[in-house]
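Here is the structure we will look at, set down as C-alpha cells.
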Amino acid sequence: MRDFDYAAPTSVAEAVKLLQDHNGSARPMAGGTDLIDQVRVGRISPDLVVDIKKIAELNVLQIGSDGLHVGAAVPCYRLYHDAMIKDLYSALTDSASIIGGIQIQSRASIGGNLCNSGPAADSTPSLIALGAVAVIAGPQGNREVAVEDFCTGPGKNVLGRGEFLVELKFPARSANSGSAYQRFIPRNEMDIAVVGVGAAVQLDASGKNFVSARIALGAVAAKPLFAAEAGKLLAGQPVSVETIQKAAEAARAIATPIDDMRGTVEFRKHVTGVLVMRVVQQAVERALKTKSGNAP
Amino acid sequence: MSTVEKPASTPKYKVIGTRPIRHDGTDKVTGRAKYGADLRLTGMLSGVVLRSPHAHANIKSIDVSAAEALPGVRAIALCGDIPDAANKIAELGEGSVNLQHLRHNVLAENKVLYRGHAIAAVAADTIHIAEEACKLIKVEYELLPPVMTVLDAMKPDAPVLNADVKTNSLGEQTDKPSNIAKHFRFELGDIAKGFADAKVIVEREFHTATVHQGYIEPHNATAMWGQDGHVTVWCSTQGSFTVRQQVAELMHVPLGHVKVVPMEIGGGFGGKIAVYLEPVAAILSKKTGRPVKVLMNRADVFEGTGPTPGSYIKVKMGADANGKITAAEAYMAYEAGAFPGSPIGAGAMCVFACYDIPNGKIDGFDVCVNKPRTSAYRAPGATNAAMATETVIEEICEKLNMCPLDFRLKNAAKEGTRRIDGPVFPRVGMVESLEAIQNSEHWKTPLSGKNQGRGIASGFWFNCGLKSAATATVNGDGTVGLVEGSTDIGGSRTGLAMQFAEALGITVDQVVPTVADTDGVGYTDVTGGSRVTFATGWAVYEAALDISRQMCKRMAEEWEVPVDQVKYENGGVTGPDGKRLGFAEIAEKSVKHGEPIVGKGTVDPQCPGGAFATHCVDVEVDPETGKVHILRYTASQDVGTAIHPAYVEGQIQGGAVQGIGWGLNEEYFYDDKGTMRNSTFLDYRMPTCLDLPMIETILVEVPNPGHPYGVRGVGEVPIVPPPAALANAIYNAVGVRMQQLPMSPPRVMHELLKKNK
C-alpha cells in the first residue's frame, strides 16, 4: 500500500478545490468502507484522500413535504433508525439494513455506495425506484443527475474531475405508495447480490390498481438498470399476478448478465423475473398500509 | 444437545466424560494467546512473497536489480537459494513428500504451475517497502495453456505440467512424462458375477469442486538463522517436528540444528502440515542475519496453499432383490494440484468402506493440474467418495422401494468385514451410528411442508496412530507440568490433561499442559489423522503410569516394604496395614528429599480404530431460486470414548458445517486463464452461523479395544456425509438428482428448470 495524504475540509468549496488541485489523484471518502479496501489491495493509489464527513451539507438527513434529503456521507444506520423513512421510503431502509454487517453500516454511506458504482450495489436499485436525484458539486457549481443516469459502467459514473456527490434528493411520497428492495444471495447474510430488485408503486385510492410504478435491477448488467418499460406495463393496470408477471417478463428481457462466480446468465435472468414478482408484491402490500404520505 | 450420556449411577471414570473449561481458554477469549503474527523480535524484518499471476508458464528470466536497489530492501530470495534437492522422498509421518517438488513449490525455479505459485521473496525494513520491491521484480514468462480439470489433464495430448512425472501404472513405472502420476487398482471377489447377481444396478458420474480448508488464521513464519548455523522457526503448524524435518532437509541443515516453536494455531484441518513460508523466512534470515517474519493474506492462502482436490468419480453398484449389495465398482480421478500427491489412495480405500461388499473393483488416479498442490483436509479424499456412493445407494433404494436406513443397516460393515482394499475391520460402530439415527427424535418426526425433504448418508475414516511423546514433572504443590508435542487445534491440551488426571486419580486443574517446541519434548508426529487424543493421549497415560510407579517405589522404600505390596489407586499410594499417602503429599515430599518425580511416555500405537458416522438432514428448497435452506441436522457418530464430550460435539459440528459448505456453495471458481476469481471470503462462500441450524449430535460410544480408555479419533469423519446427505435431501424435496458439487442455487435451479421444461 502506497502512502497517501489526508485532508478533512469543512466546506463544499474547499473540498472541490482540493479535488481539482490534485488533478485526478485525489479521492473523496465518506465511510471509506470501499475506498480503504481498494487502496489496501492496490486497485487505486490516490495521493490524497479527501474526507468529506466534516462538511455539514453531507450529513443532512431531512424529511418533509419537499421529499427526502440524504447527505452523501450519511451512514446506513441513520437511515434504518428513522421510522418515517421506513414507512415512506421502505426500499431505502431495506437496502441500508443489508449492506454489510453492523460495523460496516455504522460507517458506510448510501452516497458512497452509489459513487462506488458497483453493478451489484444494494442501494442503487432502491434509489432508482424511488426516483432519487444526485446533487453533484464541482468547479462549475452544483448540477443534478437522475440516479438511473449516474452509473456508466462497473466502477464508473458521471462524476468529472473536481466533482463529488453532495446529497440524494427523493421526491415526496403519497398515500397508497409503497416500495421494497430484495436481493438474491446464496447465503443468508454477508453476501453480495447475485440479482437485486427495487420497486416503488403508487396505487389508486381503492388499492386495486397501479397508478404508476418504477422498477430497477442490480447485478444483471454492467450497471444498475432502470426497467422503465416494466414499470409502464403496470401503470393503469389492476393489481394481479398476471399484470405483475408481464412486468417481470419485461424486466427479465432487459437483463444482460454475465456468467461469473456469483451466478450464471441462465440463473440471473430467471431470478430477475422471480424477484420482480416478489418485490412488486411486497411493495403493493406496503402501499396498502400507507394511509398518508409526505407529499403536500 | 442430544448427547447419549452414560447413566450417572455407574460412572466408569472420574474425569473422562466431564466438561471442564479448557486450559488455554482464558488467553484465547481475552486475546492474549500468541499467534505467529503477534511475534515481535528485535531487529525483525518483514518478508513479502511475489506470486505468479499465471496458472501455467515457463519462467524465462527474473530480474531483481530494481528491487534490490530500493532503499530499505535487505535481501531477496529465489529458488536457487534453496540447495538443489535430489528426487528424494521425505517421510513426514502422515504422508510423504518428494523434496524436489517441495523445493519447487516453496519457490518456483523455471516454471510456474499455478496462479499464486511463489517465485521470489523480499525482506525489507517494512512490509510496505517489501511490497513495493516485489512490484519491481521483473519476471519474463512464456505462457503455457492451463490444464484445470482431471479429465482434461488425463487426455493424451494434454500439456504436461512436470517433465519428471511419469505414470506409475498398476505398479509399473512408465517413462513418458504425464499428468497422471499414479494409477492403482483394488479388487475383491468376482465383479462380473457380482453384477450378474444384481437385480438393480445404478451407475452415475460425479464432479466435485476444489475446496479450501478455510482456517481463520493465515499461514505465517518467522525465522532466525543464528551465526552458529542453528535455525529457529516460529510458525503456525500442525506438526512442529515435520516443519523441522522439511526445513532441515530443504536447507541442508542438520536436523538437530533446527528448532521449531509452534505458536497458537487458528485452525489447520490438514492444511498446515507442508511448509510454505518457513524455508523462505529461513533463507531471508540467513542472508540478512536478522529475524524475518512472513505473513500470508487471505488471497495468498487460497491461491498458494493446499486446497483439497476436485475430482471426477464414476460409481456403479448393484444389489439383489433383498437389498444386499452384490458388487461395487469405482473409477476415481483426484486432482493432485501442481505436484503429485492427492489423497486418492485414502479416497479409494474409503469409497465403499461403510459396507460389506463381496465383489468390488476400484481404480484410482492421481492427476496433476494447474492448481495449488493439494494438501490434507479433514478425512482427505473421503468426502468426494461418499458423495458418489451414498447418492448411488439412494437411487438403488428408490428402485428397490427400500428404506435407505434399512438398506444401510442390512449392508453395514462390522467386525470381520473385509474392505475391498484388503483390511478386515475390528470392532467398529457403523451399525450403532445408523441405529442412533433410527432411534432419534429427528428420524421419527415426519416432514410436512412443501418442497421439504430428508436425506441421510454415512461415512468412514481410518484415523491413525503414529508416534507421540510426553513428559510430566510433579511439582511440590501437587500440580503437574505436562509437556507434549501435539500442537493444539481442537482443545487437545485439555483432552490430554483429562486422560493424564484420570490415570493418576487427580483433578484436571492440577495438570498444567504445555505444547513444547522441538527441543522441549520428544518426537511427536503431526496433529492430524484424528490421532492426538488417541495417541498423545496414550503417551500421557504412559507418563502418568510412570509417575505412579515412581511414587510406589518411593513409598515402598519409605515404608520399608517390598514394592509389590504397595499400589497406586484412587489418587495415592496404598501399602500394607492401612498405609496410605495421597498424590499431593507424595509430591510435597518429592521436592524436599530424594529424586524428583518426572514421568515419561512414548508410544507408537497401531490400532486407532476406524470411525463411522451417519448424518440426517432436513431441507427446504426454494423451487423458484434453487436455494437450499437447512431445517434440521443431526449427526451420529461412533466416538469410542468421549473424553471431553463438548469437544467431541464441537468436532462433529465443525466437520458437519465444513461438509455443508462443501456441499452447497464452496468452490474454487476459475476463469479460462486458470485464475481463481473468488479468493476472498466474500465470494468463497463458507456457511455463516446465519445459514445453519444448531447441529444436533448423538455420541455413540463403542470403545476402541486398541486404547486404554477406548479412544477413537473423532475429528475427521463428520465432514464425510454432509454433501451426500444434502443431495439426497434435495432429491426428496424437489426431485432433482445433484451429481456435481457444490449444489449451489444456480446448479439446483438449472436442474429444476430442466425438469420442469
Legend entry - Whole-Å distance, taken between Cα centres, linking segment B:570-618 and segment B:365-392: 40
Inset, instruction - Just the Kirkwood number for chain A, please: inverse of mean 1/r across all distinct Cα pairs, in Å, one decimal. - result: 19.3
Inset, instruction - Specify which residue in the list B:611, B:134, A:279 is farthest towards the positive end of the charge dipole of the protein assembly as shown, using unit charges on the beta carbon of Lys, Arg (+1) and Asp, Glu (-1), about the Cα centre. - result: A:279
Inset, instruction - Note down the magnitude of the dipole of segment B:111-205 about its Cα centre, charges +1 on Lys and Arg C-beta and -1 on Asp and Glu C-beta and zero elsewhere, to the nearest 20 debye. - result: 160
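In deg cm²/dmol and to the nearest 500, what is the mean residue ellipticity at 222 nm of the protein assembly as shown if only DSSP H runs of at least 4 residues count, each as -39500 (n - 2.57), divided by the residue total?
My calculation for the protein assembly as shown gives -8500 deg cm²/dmol from helical runs alone.
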Legend entry - Geometric extent, Cα atoms of the protein assembly as shown - Rg, Dmax (angstrom): 31.9, 107
Inset, instruction - Compare the Cα positions of A:12, A:28, A:45 along the charge dipole of segment A:5-51 (+1 at Cβ of Lys, Arg; -1 at Cβ of Asp, Glu; about the Cα centre) and return the one farthest towards the positive end. - result: A:45
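Using DSSP to define loop residues, name the trypsin sites (Lys or Arg not before Pro) in segment B:20-106 whose beta-carbon has at most 12 other beta-carbon atoms within 10 Å. Could the numbers behind the result be given before it?
On the way: sites: B:22, B:28, B:32, B:34, B:40, B:51, B:60, B:74, B:88, B:103; in loops: B:22, B:32, B:34, B:40, B:88.
Answer by residue number: B:32, B:34, B:40, B:88.
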Inset, instruction - Give the long-range amide H neighbours of residue B:685: residues separated by 5 or more places, or on another chain, with amide H under 5 Å away, using H modelled in the peptide plane at 1.01 Å from N. - result: B:667
Inset, instruction - Among DSSP beta bridges lying fully in chain A, give the percent that are antiparallel, nearest 5. - result: 85
Legend entry - Percent of Cα-Cα distances greater than 16 Å, calculated over segment B:238-281: 32
Legend entry - Cα centroid separation, segment B:149-171 to segment A:189-229 (Å): 52
Inset, instruction - Please get the size of the charge dipole for segment A:139-296, origin at its Cα centre, with Cβ charges of +1 on Lys and Arg and -1 on Asp and Glu, quoted in debye to the nearest 20. - result: 240
Inset, instruction - State, as an integer percentage, the relative contact order of chain B based on alpha-carbon contacts under 8 Å between residues 6 or more apart. - result: 15
Inset, instruction - Would you work out what percent of the accessible area of segment A:177-289, with all protein chains in place, is carbon or sulfur (probe 1.4 Å)? - result: 57
Inset, instruction - Using only Cα atoms, locate the centre of segment A:133-168 and the centre of segment A:2-22, then give the distance between them in Å, rounded to an integer. - result: 17
Legend entry - Estimated vicinal HN-Hα couplings, Hz - segment B:565-580 in sequence order (Karplus 6.51, -1.76, 1.60; Gly, Pro = x): 9, 10, 8, 8, 8, 6, x, x, 9, 10, x, x, 6, x, 5, 7
Inset, instruction - Per residue of segment B:227-237, in order, report the coupling 6.51 cos²θ - 1.76 cosθ + 1.60 (Karplus, θ = phi - 60°) as ³J(HN,Hα) in whole Hz, putting x for Gly and Pro. - result: 5, 7, x, 7, 10, 10, 10, 9, 7, 9, 9
Legend entry - 32 Å Cα-Cα threshold exceeded, pairs from B:399/B:444; A:86/B:627; B:193/B:627; A:169/A:246: B:193/B:627
Legend entry - Neighbouring partner chain Cβ atoms per residue of B:620-632, average, 10 Å criterion: 3
Legend entry - Computed over segment B:148-425, the ratio Rg/Rh where both radii use C-alpha atoms and Rh is Kirkwood: 1.08
Inset, instruction - Give B:12/B:579; A:53/A:156; B:12/B:361; A:223/B:138; A:269/A:291; B:272/B:553 a once-over and call out the pairs whose C-alpha atoms are over 32 Å from each other. - result: B:12/B:361; A:223/B:138; A:269/A:291; B:272/B:553
Legend entry - Rounded to 5, percent antiparallel among DSSP beta bridges of segment B:561-716: 75
Inset, instruction - Report Rg (one decimal) and Dmax (nearest whole number) for segment A:177-289, counting Cα atoms only, units Å. - result: 13.6, 45
Legend entry - Cα-centred dipole magnitude for segment B:630-757, charges only on beta-carbon of K, R (+1) and D, E (-1), debye, nearest 20: 540
Inset, instruction - Would you mind checking which residues have amide H under 5 Å from residue A:146's amide H? H placed 1.01 Å from N; only 5 or more apart, or other chain. - result: A:134
Legend entry - Dimensions (Å) - segment B:515-609, Cα atoms, principal axes, largest first: 48, 30, 19
Inset, instruction - Would you please give the residues with an amide H less than 5 Å from that of residue A:235, counting only those at least 5 places away or on a separate chain, with H modeled from the backbone geometry? - result: A:213
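Only Cα pairs under 8 Å and at least 6 apart count here; give the relative contact order of chain A as a rounded whole percent.
17
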Legend entry - Relative intensity, log₁₀ I(q)/I(0), of segment B:415-506 from a Debye sum that treats every alpha carbon as a point, q = 0.17 Å⁻¹: -0.96
Inset, instruction - Express the C-alpha Rg of segment B:276-422 as a ratio against the empirical globular expectation 2.2 N^0.38 Å, rounded to two decimals. - result: 1.42
Legend entry - Extent along principal axes [Cα atoms of segment A:5-51; Å; largest to smallest]: 30, 21, 13
Inset, instruction - Rank B:71, B:420, B:402 by how far each Cα sits towards the positive end of the charge dipole of chain B (+1 on Lys, Arg Cβ; -1 on Asp, Glu Cβ) and give me just the farthest. - result: B:402
Inset, instruction - Could you tell me how many degrees, from 0 to 90 and to the nearest 10, lie between the Cα long axis of helix A:265-289 and the main elongation axis, the longest principal axis, of the Cα atoms of chain A? - result: 70
Inset, instruction - Set the Förster radius R0 to 35 Å, insert the Cβ-Cβ distance between residue A:161 and residue B:297 as r into 1/(1 + (r/R0)^6), and round the FRET efficiency to 0.05. - result: 0.60
Inset, instruction - Report the Stokes-Einstein translational diffusion coefficient (µm² s⁻¹, integer) for chain B, Rh taken as the Kirkwood radius over Cα pairs, at 4 °C with viscosity 1.567 mPa s. - result: 48
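The values are calculated or read from the model by the stated rules, or taken from the named source; none is laboratory data. Please read these numbers as outputs of a predicted model, since none were measured by experiment. Heads up, the Cβs are rebuilt from the backbone with ideal geometry, glycines too, and the neighbour counts pull from every protein chain shown. All accessible areas refer to the heavy atoms of the entire protein, side chains included, with ligands and DNA or RNA removed. Shrake-Rupley method; radii C 1.70, N 1.55, O 1.52, S 1.80 Å.
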